[in-house]
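A.B. asks: The structure is given below, and queries will be raised subsequently.
Coordinate-derived values only; no laboratory data. Just so we're clear, the structure is a prediction, and the values are computed from it rather than from any experiment. All Cβ positions, glycine included, derive from the backbone under ideal geometry; neighbour counts span all protein chains shown.
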Amino acid sequence: MTSDEFRRIALSLPGASERSHMGHPDFRAANGRIFATLQYPDKDWGMVKLPPEQQNNFVQDHPKAFVPVKGAWGRQGCTSVLLHAAAKDTVAEALRIACSSAGKPVKQASKARGSKASAASRRPAR
């Protein structure tokens, strides 16, 4: 797997686009959320943001190619991909999962709080 192949596969996914984030290429779902990056920490690596259970599967099945990112990002599914050690079809599967997952609506408690706050702000003053 090369950087060019990673890029080509990522951009072939429905709604995907390429931008730049913190000095390296990133790939975003149609809603603008990042699902993958390239060249971090260097040109030999990519990253896919997987649901944690999928991350665990890729890391267990392909330990030479997939490694959780250290810290909180890794616990949230960010998974480093050593490009030269990864099979193209395996990375394509990971990118499809990451893009699909990034395209789903975000469930956050703050959204519920926000809707209560906005409802309160619509109440007439007394």
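A.B. asks: Take each of the peptides 17-24, 96-103, average the number of other beta-carbon atoms within 10 Å over its residues, and list them starting from the highest.
C.D. replies: On the way: 17-24: 10.9, 96-103: 20.2.
Most protected by this proxy first, the peptides run 96-103, 17-24.
A.B. asks: Now for a different question. Using the alpha-carbon centroid of each, what span in Å lies between the stretch 1-78 and the stretch 80-95?
C.D. replies: For the stretch 1-78 versus the stretch 80-95, the Cα centre distance is 9 Å.
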